[in-house]
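Here the structure is laid out as structure tokens; the discussion comes afterwards.
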Amino acid sequence: MIYSPTLLGMGAYVPEAVVTNFDLSKRVDTSDEWIVSRTGIKQRHYLAPGETTSDMCLHAAQRALAQAGLASSDLTHLLVATCTPDSYCPSTACTLSAKLGCHGVFALDINAVCSGFVYGVSLVRDILGGNQTAKILLVGADGLSTRLNWEDRGTCVLFGDGAGAAVFSVETAAKLAPGNAVVRDVRIHSDGSLGRLLHIDGGGTSAPYALGDTVGPEYFVRMEGREVFKHAVRNMTAICRETLEANGLAVADVDLFIPHQANLRIIEAVGEKLGVDSSRVFVNVDTHGNTSAASIPIAMTEALEKGRIRPGMRVLVSTFGGGLSWGAALLDF
Ligand code: UT7
């Protein structure tokens, strides 16, 4: 029998509140024209007051489980990729396990910022390699609207909130059900020496604080946008090439390319460098903004729902984020 990690179902959730560029222009010195021309973003969704990352995870998880035809009690592992957890402690994965009612599962948060979901797919593959009876829920979720500095117009317009979930197991059936996919490969890289290009320090041991301290800019997203842009294009292009080459494939063998949804100009630049026709590139950054770890699983779920991914198709996803961290995965549907 050939061991193969299989995607059994996906689901996504974005909060109800839609925030348009026009809404932002009432809060900071910006315009719809600037945001659309520099990023392609038209709107994004923000958490409601009192709504948490684990709440978003719960909605996405329930949808993914329904697609997979599984109950939460079937799960053995629960992984949440996030850089905006509900709290420092307990983990958001533990909080989610209580909300899902799957007591006793292996529950773990992972933080690879925007790359968290694809890092999670790599972990899923490794877990399934050692335990072929595991049933794993992986959620990528972020609520970066809670970490925006409204005095920094270069970052506060970019992010939105959301969650995307996927269920994985090892399947031995000869034929995949519609919506199912074999994870053919997943590749991961990082460069910690460039971590200061995109960071949030406040609350960590590098930025100690005491009771009564005021919250300063260190508590919010800080980014060297132009530098991050260059590294995103370079590294996403390189890891896509590496992944295709390692699998003996060419760009022409990919039916749909799903890049991290941070900026339309980054997506277009990577597409051009790879030589992928824009009709084979999935884009939803216009409606969601950059949802960080949720970006890839939300895009995959929407691509499935819109029929952009159909049985028999090969999908290449590619991610990039703080760390710096990046990765790519090849899935055969
Ligand atoms: O998930 C991965 C993490 N993030 C990313 O992938 C983001 C990567 N970076 C980017 O997407 C782009 O660098 C940004 C969209 C953040 C910025 O675009 P840019 O073309 O690099 O603009 P810039 O930062 O060089 O700023 C150009 C001008 C500046 O004005 P001056 O100095 O030329 O007069 C900024 O002050 O645009 C100004 N600006 C704005 N104007 C209106 C910056 N932000 C805004 C804004 N509205 N929101």
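Points to keep in mind about this one:
- Considering only ARG226, ARG184, ARG125, the mean-square fluctuation computed in a Gaussian network model of the chain, springs between alpha carbons under 10 angstrom, is largest for ARG226.
- Here the scattering of segment 1-91 is modelled by Debye summation over its C-alpha atoms, one equal scatterer each and no solvent; at q = 0.12, 0.22, 0.25 Å⁻¹ the log10 of I(q)/I(0) is -0.59, -1.13, -1.24.
- When LYS99, LYS175, LYS135 are arranged by Cβ crowding within 10 Å, least crowded first, meaning fewest neighbours, the order is LYS175, LYS99, LYS135.
- Counting every other Cβ atom within 10 Å of each residue's Cβ, HIS199, HIS103, HIS260 order from fewest to most as HIS103, HIS199, HIS260.
- Measuring between their Cα centroids, segment 201-257 and segment 140-159 lie 14 Å from each other.
- Relative packing of peptides 61-69, 144-152 - highest average C-beta neighbours within 10 Å first: 61-69, 144-152
Laboratory data are not the source of any read-out in this text; all were calculated from the coordinates shown. If you're wondering where the values come from, they're calculated on a predicted model, not measured in any experiment. Positions of Cβ are backbone-derived with ideal geometry, glycine not excepted, and every protein chain shown enters the neighbour counts.
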